[in-house]
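The structure appears below as structure tokens.
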Amino acid sequence: MIRHHPPFEMIVDYATGVSGEGVALAVATHAALCPMCRAQIADVEAVGGALLEEIEPAPISDGLLASIMDRLDDELPADARKPRPDRETARLIPSPLLRYVESSLADQPWRSVGRMFHEVRLPLSGKNVKASLMKLRPGSLMPRHTHRGHEVTVVLAGGYRDGDQQYARGDFSAKDSADMHQPIVDDDGECLCLVILDAPLRLTGAVGRLVNPFLRI
Ligand SMILES: [Zn+2]
């Protein structure tokens, strides 16, 4: 059962189309696994749609219309991309995320970061946002860290404990610069997460000083 959901502001930003690409990807991935948040997004979209109907339509210039059509054309190839994941990947990766993963998990160019985790970067268009899949070793203690920006995590397999909270598949975590935390991966299996960072982590412990260079955006 999913216990941790995006904050309501993130749902509203997502439903009204103002989230950044990284956070939007995390919210969409969570919502694909969470009927409650899907319903909330639909509600916000319905309210937004009703408000739009009350606004007097303004004439659209031919130039604007052409540019919108151009942008739609540009975006089509990404949507039309056909990932060919294996069964394990299709089981673990919800469809909004599959477009970014593109192939099977086993075929990703995993990069080992210390002994604690493997990481593969996902292609986002924004430069100040980093999206990664991380495979965390069972029982590993992540370096204690804080953030300059936001760290958003969606658990895709396995689980971890952070303070007194347990996180499992589908759970969503949003941390900001006020939160210092040190997640501990469950003993009984690897934990696979989608992690979005919109600014580099600041690691605070001795291990953190060693790992720090690897975690820069
Ligand atoms: Zn939810």
Added length on full extension, which subtracts the Cα-Cα distance from 0.36 nm per residue, ARG91 to ASP43: 14.5 nm
Spacing of the two label points (7 Å from each Cα toward its C-beta) at MET1 and LEU52, in nm: 3.6
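Taken together, the values in this text are just the output of simple stated rules run on the coordinates, not laboratory data. The shown structure was predicted, so the numbers you read here are calculated from the model rather than taken from an experiment. Ideal geometry is used to build each Cβ from the backbone, glycine not excepted, and the neighbour counts take in all protein chains shown.
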